[in-house]
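Following: one structure in structure tokens, then a few remarks.
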Amino acid sequence: MTGLAPPGATARYLAVYGLSWGIATVVAPVLATQVIGALGPAALWSGCAVLCAALSCGQPALMRAITPRPPVRPGPAPATELGLLTGSLLTGAAG
């Protein structure tokens, strides 16, 4: 969690993270009790399975969005342009 926070905002990020767990601790039992009472345990577990599947599908997109990428720098020419894959450097032939 602290790796996502910008410098100077670590405490704020950790506070929101802790608050989210606190809210879940209160809301989850109340919501689960209501779903079991109204629809039965099969609906609760089916809903949990659908929610988990949906969140797991969205996780790769989220990770791409929050993972910093190094800047793209022009590099050396690919190996095919240098003749490394055609063998022209080994044989002396033009590639």
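The figures follow:
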| quantity | calculated |
| --- | --- |
| Test: residue in segment 8-16 that is in contact with a Leu (Cβ under 7 Å, 6 or more places away or on another chain) and exposed (fewer than 11 other Cβ atoms within 10 Å of the Cβ) | no |
| Residue in segment 1-11 that is modelled with pLDDT of 85 or more and part of a helix (DSSP H, G or I) present | yes |
| Some residue of segment 47-64 being closer than 18 Å to G3 by Cβ and in contact with a Pro (Cβ under 9 Å, 6 or more places away or on another chain) | no |
| Test: L44 is at pLDDT 75 or above and in a helix (DSSP H, G or I) | yes |
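The values are calculated or read from the model by the stated rules, or taken from the named source; none is laboratory data. Not measured: the values here are computed from a predicted model. A quick note on method: Cβ atoms are made from the backbone with ideal geometry, for glycine too, and the neighbour counts reach across all protein chains shown.
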